[in-house]
Amino acid sequence: MKWTEREIPNQTGRVAVVTGANTGLGFETARALAEHGASVVLAVRDVEKGKQAAARISGDVTVQELDLSSLESIGHAAAELHTKHDRIDLLINNAGVMYTPKQTTRDGFELQFGTNHLGHFAFTGQVLDLLLGVPDSRVVTVSSIGHRVRAAIHFDDLQWERSYSRMAAYAQSKLANLLFTYELQRRLARHGTTVATAAHPGMSDTELIRNVPTAVRLGARLVTPLIAQKATMGALPTLRAATDPAVLGGQYYGPDGLGESRGHPEVVTSSNQSYDVALQRRLWTVSEDLTGVKFPL
């Protein structure tokens, strides 16, 4: 059976927090969850754009300011969510940046690693207590098929201070998303109610390419309509990882088409490196040290 939005179970009574939900995959994820009854929080950097997105969604939708490139903003957002909610059922770590010029976050981290991985690591750690003990609660982190391309965790230069490659830095951040998911699942397993899963959208037509070099971006605009799928399809792996009753902790979902570039969601495998337990644990320890966030596990 090809899994579609029609297979999403009734989400009434469940609270879902979706990062980067004002556009693209995050918006489609939030829309589908709200349409199936969930109370959805759009956790976004630009509150005005978040409000515009919320107005386009039918259902119970609110907006929470969250800048994943700032540990201070992450802390404020987590504190506000604690005042507004006594539980979270679904945390969808979707927001991300791709192929950005060399930049740093407010805390001095390389922008892609700092936003895509460290930001979500810190945010998850500070709201996880709202998920623990909630039946069938899930943390879903969105990775990419790009985690395989020139991917490595450069522990000797995590912030790319000696040299910089947009593609390699992006690949590092997406590999980190998977290492984080698998280590989080191992730590959650003893609790029995919350699970961690991951997903990737294949090749989807979203705004992520806005940061690639101009020549590449122009070429992508010509080719994308031919090979990429719409954001509604790209969001399906995330939605299945978040809502399918048959999902198991530590699973990774992606499209079922050629090269996992497009299609309907199914369980897929990630790179051999992503399953390296020693690497998962080392990255976790480094991430705790860099962010100052300890998980309530």
Self-check item: Amide H contacts under 5 Å for Gln229, placed H, 5+ residues apart
Solution: Met203, Ser204, Asp205
Quiz item: When the Karplus curve 6.51 cos²θ - 1.76 cosθ + 1.60 is applied with θ = phi - 60°, which whole-Hz ³J(HN,Hα) does each residue of region 284-295 get, with x for Gly and Pro?
Solution: 4, 4, 5, 5, 4, 5, 6, 8, x, 9, 10, 7
Self-check item: Under-5 Å amide H pairs with Arg138, H placed in peptide plane, nonlocal only
Solution: Leu90, Leu91, Val195
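May I ask you to sort Ile74, Ile88, Ile57, Ile153 by Cβ crowding, counting other Cβ atoms within 10 Å and putting the fewest first?
Exposure proxy ranking, most exposed first: Ile57, Ile153, Ile88, Ile74.
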Self-check item: Relative compactness, the chain, computed as alpha-carbon Rg over 2.2 N^0.38 Å
Solution: 0.91
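Taking each pair of different alpha-carbon atoms in region 59-119 once, compute 1/r for the pair, average those values, and report the inverse of that mean as the Kirkwood hydrodynamic radius in Å to one decimal. Intermediate values should be presented prior to the final figure.
Working: mean 1/r = 0.0778 Å⁻¹.
Final number for the Kirkwood radius of region 59-119 is 12.9 Å.
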Self-check item: Positive-end residue of Ala198, Gly257, Phe121, charge dipole of the chain with Cβ unit charges
Solution: Gly257
Exercise. Would you look at the GNM of the chain, springs on alpha carbons closer than 10 Å, and say which of Thr23, Thr83, Thr197 moves the most?
Key: Thr83
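Which value in deg cm²/dmol, rounded to the nearest 500, describes the helix-derived mean residue ellipticity at 222 nm for the chain, given -39,500 (n - 2.57) per DSSP H run of n ≥ 4 and division by the residue count? Walk me through the numbers on the way to the answer.
Values: 9 runs with 107 residues, N = 297.
Result for the chain: -11000 deg cm²/dmol, rounded to the nearest 500.
Quick one: putting +1 on the C-beta of Lys and Arg, -1 on the C-beta of Asp and Glu, what dipole do you get for region 12-289 around its Cα centre, in Debye to the nearest 20?
560 debye
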Quiz item: With a 10 Å Cβ neighbour count serving as the proxy for reagent exposure, in which order, fewest first, do Ser144, Ser261 appear?
Solution: Ser261, Ser144
Practice problem: Could you tell me what percent of the DSSP beta bridges with both partners in the chain are antiparallel, to the nearest 5? | Solution: 15 percent
Quiz prompt | Under 5 Å, built H, 5+ apart or other chain: amide partners of Val97 | solution = Asn116
Exercise. Pick out which of Asp46, Asp156, Asp256 has the largest mean-square fluctuation in a Gaussian network model of the chain, springs linking Cα atoms closer than 10 Å.
Key: Asp156
Practice problem: Please name which of Ala95, Gly50, Trp3 has its Cα lying farthest along the dipole of region 1-115 towards the positive end, using unit charges on Cβ (Lys, Arg +1; Asp, Glu -1) and the Cα centre as origin. | Solution: Trp3
Quiz prompt | Net +/- balance of residues flanking Ala169 in space, Cβ distance below 12 Å, scoring K and R +1, D and E -1 | solution = +1
Practice problem: Per residue of region 184-200, in order, report the coupling 6.51 cos²θ - 1.76 cosθ + 1.60 (Karplus, θ = phi - 60°) as ³J(HN,Hα) in whole Hz, putting x for Gly and Pro. | Solution: 4, 4, 4, 6, 7, 3, 6, 7, x, 10, 9, 10, 10, 9, 9, 8, 9
Quiz item: How do Phe123, Phe155 rank when sorted from fewest to most other Cβ atoms within 10 Å of their own Cβ?
Solution: Phe155, Phe123
Quiz item: Can you list the HN-Hα couplings for region 120-132, worked out from phi with the Karplus curve (6.51, -1.76, 1.60; θ = phi - 60°), rounded to whole Hz and with x for Gly and Pro?
Solution: 6, 4, 5, 5, 4, x, 8, 10, 4, 4, 6, 9, 4
Quiz item: What's the center-to-center distance, using Cα atoms, between region 1-67 and region 141-188 in Å?
Solution: 26 Å
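No lab work stands behind these numbers, since they all come straight from the coordinates. Computed from a predicted structure; not experimentally measured. Positions of Cβ are generated from backbone atoms using ideal geometry, with glycine treated the same way; all protein chains shown enter the neighbour counts.
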